[in-house]
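The values are calculated or read from the model by the stated rules, or taken from the named source; none is laboratory data. Note that the structure is a prediction, hence the values are computed from the model and not measured. When we count neighbours, we look across all protein chains shown, and the Cβ atoms used for this are built from the backbone with ideal geometry, even at glycine.
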Amino acid sequence: MLKKKINEPIELSAEPETEIDMNDASLFEFQRADDAASEHIAAPKYSYWGSVFRRFFSNKIAVLMLIISVTMVLFAFIQPSISHYDHMVAPNINNSKMHFLKPFTNGYIFGTDNRGNSLFDSLWSGTKNSLIVALSATFFSEFIGIVIGMFWGFSKKMDAIMIEIYNVLSNIPTTLIAMILVYAMGGGFKQLIFALCVTSWIGTAYFIRVQVMIIRDREYNLASQCLGTPLWKIIVNNILPYLVSVIITSVSRDVPMFISYEVALSYMGIGLSEKFASLGKLIQQYSPYMLTEPYLFWIPVVASAVISVSLYLVGQALADASDPRTHMI
């Protein structure tokens with residue numbers, strides 16, 4: 001009987017190791033120093049605006065509202081130049097058969113009014129002028145408000161002066177100021193835009209001032225100030241990019257608001273002058289026919305509501321998508 005020897009050493013056979021000649025230059029390969037490679041981070045490529053648009057277009061309601069608003073805006077600026085419509089000239093004014101044609105009658109999509117004018121042509125001409133007023137007033141109001149608000153949030157001396165101006169202007173109704181100025185200066189485009197911007201910019205400036213005060217004392221801003229970076233560079237490079245979503249939110253609120261102001265002022269007869277068509281003018285002109293010929297009144301009202309709501313929802317969706325806090329991984 002064989003017994004296993006537990007403590008017996010086991011002999012392992014191994015082939016003799018090959019010696020490496022460290023002086024052989026063929027065994028080595030020289031590498032160039034690459035400073036950029038040391039900064040490379042093994043992370044997926046990220047694009048801020050690419051992420052913004054992916055988030056925005058994933059919202060089906062926002063995409064639908066974008067299609068509606070873009071279609072209406074483009075049509076409002078293109079159609080009047082094609083039709084050459086002039087609401088001051090009433091075609092066939094002596095032909096009673098052309099008056100109060102119902103929609104989709106004799107080739108008139110929205111029918112005609114009491115003067116024989118095509119409501120389809122007058123609607124898009126009025127929409128164009130209302131959009132020009134709203135977009136222009138929004139641009140000037142936002143530009144002035146953002147610039148002043150940025151410096152207002154940093155300067156304590158400026159804050160002491162501006163807060164008093166804000167307390168005065170914010171307590172005066174914008175509609176009242178606009179009514180007085182338009183009545184005094186006339187009902188042109190420039191006069192109405194100026195009247196709407198006189199007090200509206202202060203609200204934007206105060207809103208931006210609050211947002212700047214929230215982030216101005218963060219470490220990277222304090223470090224920039226300690227290094228002697230000019231204030232305008234800190235605002236442009238450190239503050240403004242962070243407020244993209246805030247600014248888009250403000251713009252999406254202002255455009256429908258100014259459309260409503262124009263409609264209200266024109267409805268009261270103190271908006272644009274008679275030689276300019278607008279949504280407010282159409283609503284005012286056709287309000288007596290609300291019961292007898294309701295299409296004349298409700299079509300401009302619905303158009304004003306659709307374009308205001310669609311622009312607002314698109315702006316809100318874009319503001320949410322551009323918020324940096326929604327991009328954190």
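General remarks:
- For segment 205-217, residues that are in a helix (DSSP H, G or I), of a type outside the set (A, V, I, L, M) and touching a Phe, Trp or Tyr at 6+ places or on another chain (Cβ under 9 Å) total 3.
- Among the residues listed as S278, S266, S304, the single one being polar (S, T, N, Q), buried (at least 22 other Cβ atoms within 10 Å of the Cβ) and either free of Cβ contacts under 8 Å to residues at least 40 places away in the same chain or touching a Lys or Arg at 6+ places or on another chain (Cβ under 7 Å) (or both): S266
- R209 meets the conditions (1) of a type in the set (K, R); (2) under 21 Å from the mean Cα position of the chain (by Cα); (3) surrounded by fewer than 20 Cβ atoms within 10 Å (Cβ to Cβ) in every case but one. The failed one is (3).
- Of the residues making up segment 228-287, those that are part of a loop (DSSP other than H, G, I, E, B) and not hydroxyl-bearing (S, T, Y) are G228, P230, M268, G269, I270, G271, L272, E274, K275, F276, A277.
- With respect to the conditions (1) without any contact (Cβ under 8 Å) to a residue 24 or more places away in the chain; (2) surrounded by fewer than 19 Cβ atoms within 10 Å (Cβ to Cβ), I283 lacks only one, and its number is (2).
- Test: residue in segment 189-199 that is of a type in the set (G, A, S), at pLDDT 85 or above and within 17 Å of S130 (Cα to Cα): yes
- Filter pass, S130 being closer than 30 Å to K102 by Cα, outside any loop (DSSP other than H, G, I, E, B) and of a type in the set (G, A, S): yes
- Scanning segment 267-296 for residues that are among the hydroxyl-bearing types (S, T, Y) and either touching a Phe, Trp or Tyr at 6+ places or on another chain (Cβ under 8 Å) or more than 13 Å from T127 (Cα to Cα) (or both) yields Y267, S273, Y286, S287, Y289, T292, Y295.
- Residue match in segment 169-191 (condition: exposed (fewer than 15 other Cβ atoms within 10 Å of the Cβ), closer than 24 Å to F75 by Cα, without any contact (Cβ under 8 Å) to a residue 60 or more places away in the chain and out of contact with any helix residue (DSSP H, G or I) (no Cβ under 8 Å at 6 or more places or on another chain)): yes
- Single match in P241, P230, P294 (criterion: under 23 Å from the mean Cα position of the chain (by Cα) and surrounded by fewer than 20 Cβ atoms within 10 Å (Cβ to Cβ)): P241
- Residues in segment 46-78 that are hydroxyl-bearing (S, T, Y) and part of a helix (DSSP H, G or I): Y48, S51, S69, T71.
- Candidate set: segment 133-156, residues that are in contact with a Phe, Trp or Tyr (Cβ under 7 Å, 6 or more places away or on another chain) and of a type in the set (A, V, I, L, M); chosen: the one farthest from F75 (Cα to Cα): I144
- When residues of segment 151-167 are limited to those that are aromatic (F, W, Y) and at pLDDT 85 or above, the one nearest to I239 (Cα to Cα): F151
- Number of the exception - V301 against (1) at pLDDT 90 or above; (2) more than 20 Å from S118 (Cα to Cα): (2)
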